[in-house]
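The values are calculated or read from the model by the stated rules, or taken from the named source; none is laboratory data. Keep in mind it's a predicted model, so treat the numbers as computed, not measured. Positions of Cβ are generated from backbone atoms using ideal geometry, with glycine treated the same way; all protein chains shown enter the neighbour counts. Side chains included, ligands, DNA and RNA excluded: accessible areas come from the protein's heavy atoms. Shrake-Rupley method; radii C 1.70, N 1.55, O 1.52, S 1.80 Å.
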Amino acid sequence: MSEQFPERIWGSRTTLLSRLASRFAATKPGSLVVRKLTPLDRKILERTDGKYTVLGPIGAPVILLTTVGRKSGQPRTTPLLYVHDGDTLYVVGSNFGQAHHPAWTGNLLATPAAEVAIAGQHIPVTASLIDDEDRKQAIYERFEETTEAYTAYRNRTARDLRIFALTR
């Protein structure tokens, strides 16, 4: 068995603030606000090695994923919500329900070697695309339990949302 990933969640998903934030994030204006906060969140996560996030007070589990740009060959870093499964982290390319896949998913398809920053650690990972539909559904339901925004994201787009398993 692989070594477990650390867990770093602060705040709570059961508070009134968290529930309101989840509902707001599920709206189109809410998605826009979250997209606009992403550069700030990336800076906070980078400066704290994945210990703190803008979304932390509401209990959102966020990592920094660094991939290799498939066109540029340069490192590309993105803050992402994740589902923790001990020795596996799952990330989903929802892209806020937009019509196109986020760039980081194409980067992982081209080069599965990446790095995550979580709980103050930088950990090399290998990404594998989840293609079994039943497994994808079960994992996606866990994202929907994290925030109802994921239900809205899936309903906004006709594309198949890519889900990746990240392992050490």
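Answer with yes or no whether Ala110 is touching a residue at least 60 places away in the same chain (Cβ under 8 Å) and under 25 Å from Ile130 (Cα atoms). It would help to see each step written out before you state the result.
Details: touching a residue at least 60 places away in the same chain (Cβ under 8 Å): no; under 25 Å from Ile130 (Cα atoms): yes.
So Ala110 does not fit the description; no.
Out of region 103-131, which residues are hydrophobic (A, V, I, L, M, F, W, C) and open to solvent by 50 Å² or more (accessible area, probe 1.4 Å)?
Of region 103-131, the ones hydrophobic (A, V, I, L, M, F, W, C) are 103-104, 108-110, 113-114, 116-119, 123, 125, 127, 129-130.
Result: Ala103, Leu109, Ala110, Ala113, Leu129.
Answer with yes or no whether Thr53 is farther than 25 Å from Thr111 by Cα and either open to solvent by less than 40 Å² (accessible area, probe 1.4 Å) or out of contact with any strand residue (DSSP E or B) (no Cβ under 8 Å at 6 or more places or on another chain) (or both). Lay out the reasoning, then the answer.
Numbers: farther than 25 Å from Thr111 by Cα: yes; either open to solvent by less than 40 Å² (accessible area, probe 1.4 Å) or out of contact with any strand residue (DSSP E or B) (no Cβ under 8 Å at 6 or more places or on another chain) (or both): yes.
Taking the combined requirement at face value, the residue satisfies it.
Scanning region 56-72 for residues that are open to solvent by 50 Å² or more (accessible area, probe 1.4 Å) and not hydroxyl-bearing (Ser, Thr, Tyr), which turns out modelled with the lowest pLDDT?
My answer is Pro57.
Residues in region 29-47: is at least one surrounded by 15 or more Cβ atoms within 10 Å (Cβ to Cβ), in contact with a strand residue (DSSP E or B) (Cβ under 8 Å, 6 or more places away or on another chain) and touching a residue at least 60 places away in the same chain (Cβ under 8 Å)?
Yes; the residues of region 29-47 include at least one that is surrounded by 15 or more Cβ atoms within 10 Å (Cβ to Cβ), in contact with a strand residue (DSSP E or B) (Cβ under 8 Å, 6 or more places away or on another chain) and touching a residue at least 60 places away in the same chain (Cβ under 8 Å).
I'm told Ser94 meets every condition in (1) more than 21 Å from Arg35 (Cβ to Cβ); (2) touching a helix residue (DSSP H, G or I) at 6+ places or on another chain (Cβ under 7 Å) except one. Can you identify the failing condition by its number?
Tallying (1) more than 21 Å from Arg35 (Cβ to Cβ); (2) touching a helix residue (DSSP H, G or I) at 6+ places or on another chain (Cβ under 7 Å), Ser94 fails exactly one: (1).
Please find, within region 1-19, the residue that is modelled with the highest pLDDT out of those that are open to solvent by 90 Å² or more (accessible area, probe 1.4 Å) and assigned to a helix (DSSP H, G or I). Please lay out each step first, then the result.
To start, the set of residues in region 1-19 that are open to solvent by 90 Å² or more (accessible area, probe 1.4 Å) comprises 1, 3, 7, 13-14, 16-17, 19.
Right, trim to assigned to a helix (DSSP H, G or I) and you get 16-17, 19.
Working: Leu16: 70, Leu17: 70, Arg19: 75.
Step by step, filter region 1-19, then rank; the result is Arg19.
Do any residues in region 92-104 that are more than 11 Å from Asp160 (Cα to Cα) have Cβ atoms under 6 Å from those of residues that are open to solvent by less than 10 Å² (accessible area, probe 1.4 Å) and at pLDDT below 95, where the two are at least six apart or on different chains, and which pairs are they?
Phe96/Ser31
Specify which of the listed residues (Arg142, Arg135) is surrounded by fewer than 21 Cβ atoms within 10 Å (Cβ to Cβ) and within 20 Å of Thr53 (Cβ to Cβ).
On the way: Arg135 fails: within 20 Å of Thr53 (Cβ to Cβ).
Exactly one of Arg142, Arg135 is surrounded by fewer than 21 Cβ atoms within 10 Å (Cβ to Cβ) and within 20 Å of Thr53 (Cβ to Cβ), namely Arg142.
Among Thr151, Thr111, Thr126, Thr88, which is the only one that is out of contact with any Phe, Trp or Tyr (no Cβ under 7 Å at 6 or more places or on another chain) and modelled with pLDDT under 95?
Working: Thr111 fails: modelled with pLDDT under 95; Thr126 fails: modelled with pLDDT under 95; Thr88 fails: modelled with pLDDT under 95.
Answer to the check: Thr151.
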